[in-house]
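Some notes on the structure that comes next.
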Amino acid sequence: MLDRFKVPDKDKIYVSEDKITEVTQKIFEAIGVSKEGASNSTAVLIGNDMRGVESHGVSNGLRRYVEQYAKGNYNSKPTIKTLRESPTTASLDGDGALGAEIGPIAMDLAIEKAEKFGMGAVSVRNTGHLAGCGYYPLQATEKDMIGHAFTGSPGQQTLPTWGSEPILGTNPVAWAAPADKMPPFLFDIATTQVAGNKIELTRRTGAKLLPGWIAKNDGTPILEEVNTPKQGEYFLLPFGGTRENGSHKGFGLGMVAEIMSNIISGAGPGIITNHQGSDFFLAYSIDAFTDVKKFKQDMDDLLSRIVESKPATGFERVVYAGYLENEEYIKRSEEGIPYHKEVIEWFENHCNEMGIDCDLR
């Protein structure tokens, strides 16, 4: 993440992966989520935190999910239904579960189909927040596959190019491909200039939003650095920001995510049906297309060439998508995850109310 999203040094409290995992698992189980479901959701959130994607880890996500379960918007005891299925595809109904609980199951099913038939695709509807897309394609890379995920978030967040009415959600997408010695390629983005959850991080860190990230309520892009406005006082811009800088490309990719998640699942457009969102997971068996060893060596050659290339003036190095996240994972495995002190206070207060042991300091 950009430095502006990171926790200021004065506010950091380091927590080991094991400790935060144990407490998060207990919180989900206290809500009534099954042990397996709690394990899935916890793994996604902490996996994001370990890679430095704190916008989609426990800091923003867990308290939001606790509130949604309490309001009855998420189902803690879902019965997953298979709506349609073929040898290479499946369409699932998540029965109102948290997306992070169902996502690992759906990707595992896509991988299982790809192992048998070369490719697997699974659509999921009727679920809550997916907690980011990046975790799921990495499941595929562990099986020598290419992984891909779309999610269609609730509509009425993102403006179309030249528009004043928000149509799409942030509609994230992610791809991952394995290598041999190099860290896997992992491209995980929202199709907006900035993810909505990252904006929430700035409320905690006090960082400003950069020019071209958001627009006024009349659709005019805000082209100067500003403090984070209150909810309802701005709209998100597709990546590119303005037409001159390619916002039509960002909105177009957002439309692809909308079609491949909300539309193909049968849930319908988010802006019209006002649902929480739908997801789509794909796995491609490399062995079905080419020799796995050669593919991974070719990936090593390409990725090594990128990181060994000459940086531009003023920069120390060149990296590729997933490289810095891998570095962060190694670092945090040794040092712990740096959480904002306010996040730890939330954990301690919530655990005290629920009677849950919470040893995070």
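The values are calculated or read from the model by the stated rules, or taken from the named source; none is laboratory data. The model shown is predicted, which means the values in this text are computed figures rather than measured ones. A quick note on method: Cβ atoms are made from the backbone with ideal geometry, for glycine too, and the neighbour counts reach across all protein chains shown.
Has the range 62-70 got any residue that is of a type in the set (Asp, Glu), surrounded by fewer than 17 Cβ atoms within 10 Å (Cβ to Cβ) and out of contact with any helix residue (DSSP H, G or I) (no Cβ under 6 Å at 6 or more places or on another chain)? For the range 62-70, residues of a type in the set (Asp, Glu), surrounded by fewer than 17 Cβ atoms within 10 Å (Cβ to Cβ) and out of contact with any helix residue (DSSP H, G or I) (no Cβ under 6 Å at 6 or more places or on another chain): present.
Yes/no per residue for (1) over 30 Å from ASP49 (Cβ atoms); (2) at pLDDT 95 or above; (3) not hydroxyl-bearing (Ser, Thr, Tyr):
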| position | (1), (2), (3) |
| --- | --- |
| ALA177 | no, yes, yes |
| GLN193 | no, no, yes |
| PRO229 | no, no, yes |
| GLU233 | no, no, yes |
| PHE239 | no, no, yes |
| ILE264 | yes, yes, yes |
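Exactly one residue out of GLY37, GLY72, GLY96, GLY47 is in a loop (DSSP other than H, G, I, E, B) and either over 22 Å from the mean Cα position of the chain (by Cα) or not hydrophobic (A, V, I, L, M, F, W, C) (or both), and it is GLY72. Filtering the range 275-294 to residues that are surrounded by fewer than 23 Cβ atoms within 10 Å (Cβ to Cβ) and not in a loop (DSSP other than H, G, I, E, B) leaves TYR284, SER285, ASP287, ALA288, VAL292, LYS293, LYS294. Per the listing GLY169, GLY155, the residue uniquely closer than 26 Å to GLN68 by Cα and surrounded by fewer than 24 Cβ atoms within 10 Å (Cβ to Cβ) is GLY155.
Identify all residues within the range 71-84 that are surrounded by 11 or more Cβ atoms within 10 Å (Cβ to Cβ) and not small (Gly, Ala, Ser); write none if there are none.
Residues of the range 71-84 surrounded by 11 or more Cβ atoms within 10 Å (Cβ to Cβ): 73-78, 80-83.
Across the range 71-84, the qualifying residues are ASN73, TYR74, ASN75, LYS77, PRO78, ILE80, LYS81, THR82, LEU83.
Residues in the range 184-197 that are touching a His at 6+ places or on another chain (Cβ under 9 Å) and in a helix (DSSP H, G or I): ASN197 only.
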